[in-house]
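Worksheet: one structure, shown below.
Taken together, the values in this text are just the output of simple stated rules run on the coordinates, not laboratory data. Only a predicted model underlies this, so the values are computations on that prediction, with no experimental measurement involved. Heads up, the Cβs are rebuilt from the backbone with ideal geometry, glycines too, and the neighbour counts pull from every protein chain shown.
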Amino acid sequence: METILALAVVESDGTLGKPGLEAVTAAQEMARQMGQAALVIGLIGDNPQPAANQLAHCGAARFLAAAGPDFAVARYGTDAAAAEALARAAAATVVVAPGTARVNRFLPGVAHRLQGRADTHVTGLVSVEGKTAVTRWYYRQRMEAVLHRAARPWLIAVDPGCFAPWNGPAGQAALENVPLTVDDQLRRTRVLGVQEPAADAQTIRPEAGLLFVTGAGWTKKQADGQTHVKEAEIIILDFLKHTRASLGSSKSLVDLSGEGQQVLSFLTHLNQIGQTGSTPRHPKGLATCCHGEEPHAVGWRFISERRAVNLDPNCGWARGKADVLYVADAFAVMRKVNELLAAS
């Protein structure tokens, strides 16, 4: 019989965030597909009891934890040791974890320690000839593969946004602490603190309901024959401030500095989406000054509602990549949108 461990790292308040809850849903679905599989919850963090209570009625047979101040911060040594200990304590044959930056950093190493196999960026579960398999994308989200492994333990990291987060009543879970000795060797990396931008300067918001995509047209010459990059920055940042949207861009716009052109000062490679960047899964998306670049087309495949503003009616969006295309000047449109948002 298979034993499935839903592994997650708790937030600073002890609860599970959305990616962790999505991993629990994926583990439940895998347990159903595998028939008589047992579900075990494994939590890593300073005080994971609130997360265990959050999942009290998820159908898990056991709740395990690697708890203590040493596990409050992201550090490969302690995270990998905790995940290994939890997998061994659960006698897990399959481990399902959220594909966050923290988990993706240590999960392949844990698979090596357990003499198992790891698959990351998993986007779904399917049944093929009676066997449970996973799906994931290759070649910049152009090809979807279906994978099944006979090797055990099998460690799976699911991409955030691919499963519905588990939502059930809270309760009181009996949490078992897995004994784990943390010595100075595991503490070689010291976390001194967290640096983060001010709320108004934050442009990447994975949980935002809207993805706002800037195209290269914002930095090009406008109708008067001049560029208006500084004005573009003000318009875009005002829109982000009013809507709390997440900001995305194509590689072409991010890399313009290498061509000696003016760039939007707040854009970095972290804002890249699509073919050469991240794969966003926001409910809605709005592209402005776009030209139908392939990064937009590939990156937006997973967004439910896509709209675009562009002066060229023959651009790639006009040929069916957007659900709605507004043939208009993005500068004028977004200025008016900001006025309406400010008024409301």
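Could you give the alpha-carbon Rg of the stretch 6-104 over 2.2 N^0.38 Å, rounded to two decimals?
0.98
Ranked highest first by average number of other Cβ atoms within 10 Å, how do 50-56, 191-197 line up?
Averaged packing, sorted descending, gives the order 50-56, 191-197.
Say a paramagnetic label sat at a point 7 Å from the Cα of Gln202, along Cα to Cβ; which residues of the stretch 2-29 have their backbone N under 17 Å from it?
Under cut-off, by backbone N: 11-20.
Would you pull out the residues with amide H under 5 Å of Ile156's amide H, same chain only if 5 or more places away, H placed 1.01 Å from N?
Amide H to amide H, under 5 Å and 5 or more residues apart or across chains, Ile156 pairs with Val95, Val96, Ala97, Asp119.
Per the helix-only calculation at 222 nm, which mean residue ellipticity applies to the chain, given -39500 (n - 2.57) for every DSSP H run of n ≥ 4 and division by its residues, nearest 500 deg cm²/dmol?
-8000 deg cm²/dmol
Through the Karplus equation 6.51 cos²θ - 1.76 cosθ + 1.60, θ set to phi - 60°, convert the phi angles of the stretch 201-208 into ³J(HN,Hα) values in whole Hz; use x for Gly and Pro.
After applying 6.51 cos²θ - 1.76 cosθ + 1.60, I find 8, 6, 10, 10, 10, x, 8, 5 Hz.
Net charge near Ala111: determine it from the other residues with C-beta under 14 Å of the C-beta of Ala111, scoring Lys and Arg +1 and Asp and Glu -1. All intermediate terms of the calculation are to be shown ahead of the outcome.
Working: positive: Arg88, Arg105, Arg113, Arg117, Arg149, Arg152; negative: Asp79, Glu84, Asp119.
Spelling it out: positives minus negatives among the neighbours equals +3.
Given points 7 Å out from each Cα along the Cα-Cβ axis, report the Arg335 to Glu176 separation in nanometres with one decimal.
Output for this residue pair reads 6.7 nm.
Counting pairs of alpha carbon atoms under 8 Å apart in space and at least six apart in sequence, what relative contact order in percent does the chain give?
Relative contact order of the chain: 14 percent.
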